[in-house]
1. For the structure I just gave you, tell me whether VAL107 is at pLDDT below 85, within 25 Å of ALA144 (Cα to Cα) and either open to solvent by 40 Å² or more (accessible area, probe 1.4 Å) or assigned to a helix (DSSP H, G or I) (or both).
2. Could you please give the count of residues in region 97-126 that are of a type in the set (A, V, I, L, M, F, W, C) and without any contact (Cβ under 8 Å) to a residue 40 or more places away in the chain?
3. Looking only at region 55-76, count every residue that is surrounded by fewer than 17 Cβ atoms within 10 Å (Cβ to Cβ), of a type outside the set (A, V, I, L, M, F, W, C) and under 19 Å from ALA124 (Cα atoms) and tell me the total.
4. So is PHE120 over 25 Å from LEU51 (Cβ atoms) and of a type in the set (Phe, Trp, Tyr) or not?
5. Right, ALA148: in contact with a Ser or Thr (Cβ under 8 Å, 6 or more places away or on another chain), in contact (Cβ under 8 Å) with a residue 24 or more places away in the chain, in a helix (DSSP H, G or I) and hydrophobic (A, V, I, L, M, F, W, C) or not?
6. Only one residue in ARG132, ARG77, ARG174 is charged (D, E, K, R) and either touching a residue at least 60 places away in the same chain (Cβ under 8 Å) or closer than 21 Å to ALA40 by Cα (or both), so which one is that?
7. Find the residue count for region 146-178, including only residues that are open to solvent by less than 60 Å² (accessible area, probe 1.4 Å), out of contact with any helix residue (DSSP H, G or I) (no Cβ under 6 Å at 6 or more places or on another chain) and β-branched (Val, Ile, Thr).
Amino acid sequence: MSPSSSETGPDLTLEDQLALALQRASLEEALSANRTYLTACFAIYCWDFVLTFPNEYTTMWKAQRWTPVRFAFFFNRYWSLLSVVLTMCFAWLEFAPKTCDRVQVLVPVAGIFVFLGCEFLFGARVWVMWNRRTWIAYFFGILALAGATVQVWAVTHNMALRLPPGLRGCLSVRADQK
């Protein structure tokens, strides 16, 4: 694709127009590689989801009691599915700039909850393996809070990247990189 007419006005030299065209081509290539990578990851995720569902059904769906670990398992399993689907939508669909500005925060926020679910499950497993020692619970709780704090900071310092006309996707980048 060539640069838009607003980018190739009479005030731009041929050298500037060529530089813009190369930047756009590089961006298109990076977006294409990103979409290919995300699609491959999505396929692997779905395959794993299908393969492990019979075990999930027999061990989790048929369980009689709801425990914090069971709740965390379901939350993590299905919230992460929602997060992956959102990521795919933001990579493949075209969004109006104002819509992208409003919704670009959804994927990182969903990722924070996936992170916390994973941390809880991992911490609970280690806590049980270490004979339910209190300091293990505190240690993993502090690690989870520290990780979530860093992620919240990152989300609050991100903004939507405005893509040139004709390129689709809704990407979130650090505010100082725009």
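The values are calculated or read from the model by the stated rules, or taken from the named source; none is laboratory data. Predicted model, so just to flag it, every value in this text is computed and none were measured. Backbone-built Cβ (ideal geometry, glycine too); neighbour counts: all protein chains shown. SASA here: full protein model, heavy atoms, side chains in, ligands and nucleic acids out. Shrake-Rupley method; radii C 1.70, N 1.55, O 1.52, S 1.80 Å.
1. Values: at pLDDT below 85: yes; within 25 Å of ALA144 (Cα to Cα): yes; either open to solvent by 40 Å² or more (accessible area, probe 1.4 Å) or assigned to a helix (DSSP H, G or I) (or both): yes.
The answer is yes for VAL107.
2. Within region 97-126, residues that are of a type in the set (A, V, I, L, M, F, W, C) and without any contact (Cβ under 8 Å) to a residue 40 or more places away in the chain number 8.
3. Number satisfying all stated conditions: 6.
4. For PHE120, the condition - over 25 Å from LEU51 (Cβ atoms) and of a type in the set (Phe, Trp, Tyr) - is not met.
5. no
6. Working: ARG132 fails: either touching a residue at least 60 places away in the same chain (Cβ under 8 Å) or closer than 21 Å to ALA40 by Cα (or both); ARG174 fails: either touching a residue at least 60 places away in the same chain (Cβ under 8 Å) or closer than 21 Å to ALA40 by Cα (or both).
None of the other options fit; the residue is ARG77.
7. Number of matching residues: 1.
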